[in-house]
Amino acid sequence: MRVPLMATFWLFTAVAGVGCTSTMAPGDATQFAAQPLPERLQRYYQEDLERSPVAASYQGSRLGYGQWNEVGEAAEAKELAVQKQRQLELQAIDPETLSEQEQNSLAIAKLNVDRLVEFYPFRNNDYVMQQFRSWHTSVPSILINVHRITDEQDADDYLSRLVNTESLFKQVQRKMAIQAKQGVYAPQWSYPQMLEAASNVISGFPFDTAAETINPIYADFKAKVIALNLSEEQTNAYLDEAEIVLLETVGPAYEKLIAAIEKYGAQAPEGDGVWRLPDGEAYYDYLLKFYTTTDLNAEQIHQLGLDNVARIHGEMRSIMEQVGFEGDLQAFFEFMREDEQFYYPNTQVGRDQYLSEAVSAIDTMRANLTGYFGIRPQAPLQVKRVEAFREKSAGKAFYQRPPPDGSRPGIYYVNLYDMKSMPTYQMEALAYHEGVPGHHLQLAINAELAGVSDYQKNVRFTAYTEGWGLYSEYLGKEMGFYRDPYSDFGRLAMELWRACRLVVDSGIHSKQWSRREAIDYLTKNTPNPVRDAEKAIERYIVYPGQATAYLVGKIKILELRTRAQEALGEAFDMAAYHDLVLEDGPMPLSMLETKVDAWIASQQ
């Protein structure tokens, strides 16, 4: 599973409004009329980083290093003005004056700007707070995983971010009030999860001097400051200041946010899908188009899911015969769900074993890429357990891309909170999806691409990115992996999960299914544990539409490959095809299709 989902799209991809606006006055489309497109897009990227300290930090930049993004109506209005200005600029460019590569860049930029403008009327339907990934957990996660401390200024900026948490949370609470006034609440069941996660952030020393545990933010800051090798006096001064800021600013800010979560949680009405929100049907239509980059409507998405569930069930029955299982598919699901041979113990030893074998699976895959890929990423990959403060509400697995400067590795996060949710038969497929040849290979290559603007590299096309991740699981089968039939069943189980997503996402948000109905559908039709189903449905509810992108993207990437293989016959080169898909970064599926068709014609 990988985000970026709509709330994090605005948070992490350099589009959320923060302090300053563009240096160009709205409506002045002539100021940069003669600016070459690559320079123009680089300017957009730089302006975006200046408006979003969080995005800048993720990109390895220290712009606004002591600040958070601004949240709220004023910031959203500024953002709209920037995007409308860019619409004017981009529309004034004659594509005929551009190279083929620049024409693609222009088309991607236009689409990105247009969909950001289209999102504006729906901005208050996007929950500012929800259980899966919002500001209450993003603050510690960014500080711990993204904010580097290499000198005293970085340490000062870390402390500034802690101080500025108070202002950030005030803005978040104002946004919660605006959404509540419009009848927009996160689902009822999400509020207790937010309360628990927020409370976890302000636990341990120094919040509780008698606690045996150390607060994760304090522990992180302490380790990073000690690594600077300052004098004992300087180090202690920093640690003393961190204690004061945590106790006098961060703690009270969290307590007020917790009070707001309690308040709105008590007011939240029943219902799960976005159909209950203002213009909910139009909002969901927008999200489907945004995430899949197709014109598939909710009914078509639903049917596509049902068709693929039936197909994969048939392939699973073949594996049942292969292993000699007696019983029906539901009985086989129960066997895979409950048999102890498929799970490591719910202990530190079991967790360490899982992490070790995940690393081994990725290393083995990486050693076998010759003949399948020409382009390889330089950035290393780290496999890491999801931190304790957020693991209970976080997803099963996800990937964090490296910055362009290579200052951090790509990170494959594994959620080992409950080992019964991490069956060993799915380990290979998860590792290939999140690591190599999946997200790490694709997104690290993207970060390192030469000749592609930083702006273009950071435009998100979920169907492309997540479609590639799911395609990578399938590619592992073709490369000779999944030698254990149970592991191959795990691969099918993960594809089945994505097919079921089409059914339940459209069921929840278009057909008005309840959370319980959707959980029951997953439990009946997949071998995944009940907790898997519960956490997945809770994610799909607060990130409507995103879950539909995976299988839609995988189907298109495989369809285009098959088209190329049939057209080129023995001249087809698998590595060349994969490099073709990856060499320009993410793009809409329609643009990818045009690109592959042109490549086929050039090879014939």
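When Ala74, Ala25, Ala33 are checked against the criterion of being at pLDDT 50 or above, surrounded by fewer than 20 Cβ atoms within 10 Å (Cβ to Cβ), of a type outside the set (D, E, K, R) and not in a helix (DSSP H, G or I), a single residue qualifies: Ala33. Meeting the requirement of 3 or more residues that are among the aliphatic types (A, V, I, L, M) and within 30 Å of Ser61 (Cβ to Cβ), the helices (runs of 4 or more DSSP H) wholly within the stretch 415-496 are 439-448.
Asp272 - would you say it is in a loop (DSSP other than H, G, I, E, B) and either buried (at least 16 other Cβ atoms within 10 Å of the Cβ) or in the same structural domain as Glu166 (by TED's automatic domain parsing) (or both)? Answer is yes for this residue.
Evaluating Thr526 against the criteria (1) closer than 22 Å to Ala186 by Cα; (2) touching a Cys at 6+ places or on another chain (Cβ under 9 Å); (3) of a type in the set (Ser, Thr, Tyr) leaves one unmet condition, (1).
Which of the residues that make up the stretch 249-264 are within 26 Å of the chain's Cα centre (by Cα) and closer than 22 Å to Tyr158 by Cβ? Matches in the stretch 249-264: Tyr254, Leu257.
(1) closer than 30 Å to Tyr540 by Cα; (2) outside any helix (DSSP H, G or I); (3) of a type in the set (D, E, K, R): which one isn't true of Lys175, the others all being true? Of (1) closer than 30 Å to Tyr540 by Cα; (2) outside any helix (DSSP H, G or I); (3) of a type in the set (D, E, K, R), only one is false for Lys175: (2).
Among the residues of this structure, Tyr286 counts as one that is more than 23 Å from Leu492 (Cα to Cα), at pLDDT 95 or above and in contact with an Asp or Glu (Cβ under 7 Å, 6 or more places away or on another chain).
Pairs are defined by a Cβ separation below 8 Å, a sequence spacing of at least 6 or placement on different chains, a first member in the stretch 445-461 that is more than 14 Å from Ile108 (Cβ to Cβ), and a second member that is aliphatic (A, V, I, L, M); the pairs so defined are Ile445/Ile375; Ile445/Leu582; Ala447/Ala379; Glu448/Ala379. Got at least one residue in the stretch 477-491 being within 23 Å of the chain's Cα centre (by Cα) and over 22 Å from Lys392 (Cα atoms)? Yes, the conditions are met somewhere in the stretch 477-491.
Would you check if Lys222 is surrounded by 16 or more Cβ atoms within 10 Å (Cβ to Cβ), over 27 Å from the mean Cα position of the chain (by Cα) and among the charged types (D, E, K, R)? Answer is yes for this residue. Of the listed requirements (1) over 20 Å from the mean Cα position of the chain (by Cα); (2) assigned to a loop (DSSP other than H, G, I, E, B); (3) of a type outside the set (S, T, N, Q); (4) modelled with pLDDT under 95, Gly585 misses just one: (1). For the stretch 527-571, which residues satisfy the criterion of being farther than 30 Å from Thr424 by Cα, surrounded by fewer than 18 Cβ atoms within 10 Å (Cβ to Cβ) and in contact (Cβ under 8 Å) with a residue 12 or more places away in the chain? Arg563, Ala567, Leu568, Ala571, listed by residue number. The residues on offer are Glu212, Glu196, and the sole one that is among the acidic types (Asp, Glu), more than 24 Å from Pro402 (Cβ to Cβ) and outside any loop (DSSP other than H, G, I, E, B) is Glu196.
Rundown of residues vs (1) touching a residue at least 40 places away in the same chain (Cβ under 8 Å); (2) under 14 Å from Ala493 (Cβ atoms), yes/no style:
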{"site": "Phe290", "(1), (2)": "yes, no"}
{"site": "Asn297", "(1), (2)": "no, no"}
{"site": "Val309", "(1), (2)": "yes, yes"}
{"site": "Ile319", "(1), (2)": "yes, yes"}
{"site": "Phe342", "(1), (2)": "yes, yes"}
{"site": "Asn346", "(1), (2)": "yes, no"}
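Within the stretch 104-130, the residues that satisfy the criterion of being free of Cβ contacts under 8 Å to residues at least 60 places away in the same chain and within 19 Å of Tyr45 (Cβ to Cβ) are Lys110, Val113, Asp114, Val117. For the stretch 511-518, indicate whether the set of residues that are crowded, with 22+ Cβ neighbours inside 10 Å, touching a residue at least 24 places away in the same chain (Cβ under 8 Å) and either of a type in the set (S, T, N, Q) or under 16 Å from Leu430 (Cα atoms) (or both) is non-empty. Within the stretch 511-518, not a single residue is crowded, with 22+ Cβ neighbours inside 10 Å, touching a residue at least 24 places away in the same chain (Cβ under 8 Å) and either of a type in the set (S, T, N, Q) or under 16 Å from Leu430 (Cα atoms) (or both). For the stretch 384-414, residues that are part of a strand (DSSP E or B) and in contact (Cβ under 8 Å) with a residue 40 or more places away in the chain total 7. Identify, from the list Pro527, Pro544, the residue that is part of a loop (DSSP other than H, G, I, E, B), in contact with a His (Cβ under 9 Å, 6 or more places away or on another chain) and not small (Gly, Ala, Ser). The unique qualifying residue is Pro544. The residue that is nearest to Pro544 (Cα to Cα), counting only those in the stretch 257-269 that are surrounded by 14 or more Cβ atoms within 10 Å (Cβ to Cβ) and of a type in the set (A, V, I, L, M), is Ala268.
The values are calculated or read from the model by the stated rules, or taken from the named source; none is laboratory data. Just so it is clear, the model here is predicted, and its values are computed rather than measured. Note that we place each Cβ from the backbone using ideal geometry, even for glycine, and neighbour counts take in every protein chain shown.
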